[in-house]
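The values are calculated or read from the model by the stated rules, or taken from the named source; none is laboratory data. These numbers were taken from a predicted model, which means no experiment stands behind them. Because the Cβ atoms are built from the backbone with ideal geometry, glycine has one as well, and the counts that use them run over all protein chains shown.
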């Protein structure tokens with residue numbers, strides 16, 4: 001029978017401290033919520049075709065400590081019919097995450113892909129409730145591919161750095 005008491009503890013990812021990689025949600029919160037319906041009540045009447053809806057998404061992350069990070073998911077939607085704005089909704093939804101045991105090269109994907117992916121369903125529901133409470137059908141945002149957004153941002157940053165060097 002082998003005695004494993006003196007064997008080094010590790011998890012196979014080069015982390016000799018033996019800390020299992022973990023991503024924990026410590027808190028979630030509404031940082032800012034705005035709903036405007038400048039043309040109400042006229043904007044609430046039925047129409048024969050759907051309004052145009054413009055949706056913007058942004059993700060920001062800030063360290064709070066070595067292991068804790070504040071991630072903000074900003075969602076904004078503007079619905080217009082012809083030149084009339086029907087509604088404008090903006091939400092900044094945040095989460096405090098504790099991340100430990102991951103290699104440094106995994107931190108940006110965790111902060112800009114996994115954390116907003118965990119926040120999105122809650123933010124989506126808040127947007128749907130706000131538009132419904134404003135007298136419109138609930139705006140149900142389609143799922144967002146945060147990995148594609150992250151890859152696009154990295155490509156834009158690399159292109160911008162090449163332009164600055166030239």
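I'd like to check something: does the range 51-70 contain any residue that is closer than 14 Å to residue 122 by Cβ and at pLDDT 95 or above?
No, the range 51-70 has no match at all.
Within the range 44-66, the set of residues being more than 16 Å from residue 141 (Cβ to Cβ) and touching a residue at least 60 places away in the same chain (Cβ under 8 Å) comprises just one member, 44. For the range 4-16, the condition of being assigned to a loop (DSSP other than H, G, I, E, B), modelled with pLDDT of 90 or more and surrounded by 10 or more Cβ atoms within 10 Å (Cβ to Cβ) holds for none of the residues. Residues that are part of a strand (DSSP E or B), on the phi < 0 side of the Ramachandran plot, surrounded by 15 or more Cβ atoms within 10 Å (Cβ to Cβ) and touching a helix residue (DSSP H, G or I) at 6+ places or on another chain (Cβ under 6 Å) occur at least once in the range 44-64. Of everything in the range 98-148 that is touching a helix residue (DSSP H, G or I) at 6+ places or on another chain (Cβ under 8 Å), touching a residue at least 24 places away in the same chain (Cβ under 8 Å) and surrounded by fewer than 14 Cβ atoms within 10 Å (Cβ to Cβ), the residue that is farthest from residue 40 (Cα to Cα) is 108. Going by the structure shown, is residue 77 in contact with a helix residue (DSSP H, G or I) (Cβ under 7 Å, 6 or more places away or on another chain) and within 16 Å of residue 34 (Cα to Cα)? When the stated conditions are applied, residue 77 passes them.
Part of a loop (DSSP other than H, G, I, E, B), surrounded by 13 or more Cβ atoms within 10 Å (Cβ to Cβ) and either under 32 Å from the mean Cα position of the chain (by Cα) or modelled with pLDDT under 50 (or both) - does that describe any residue in the range 23-31?
Checked against the condition, which is being part of a loop (DSSP other than H, G, I, E, B), surrounded by 13 or more Cβ atoms within 10 Å (Cβ to Cβ) and either under 32 Å from the mean Cα position of the chain (by Cα) or modelled with pLDDT under 50 (or both), the range 23-31 yields no hits at all.
Of the residues making up the range 71-83, those that are free of Cβ contacts under 8 Å to residues at least 24 places away in the same chain and either closer than 18 Å to residue 123 by Cβ or part of a strand (DSSP E or B) (or both) are 74, 76. Taken together, 75, 86 contain a single residue that is crowded, with 18+ Cβ neighbours inside 10 Å, in contact with a strand residue (DSSP E or B) (Cβ under 9 Å, 6 or more places away or on another chain) and at pLDDT 95 or above, which is 75.
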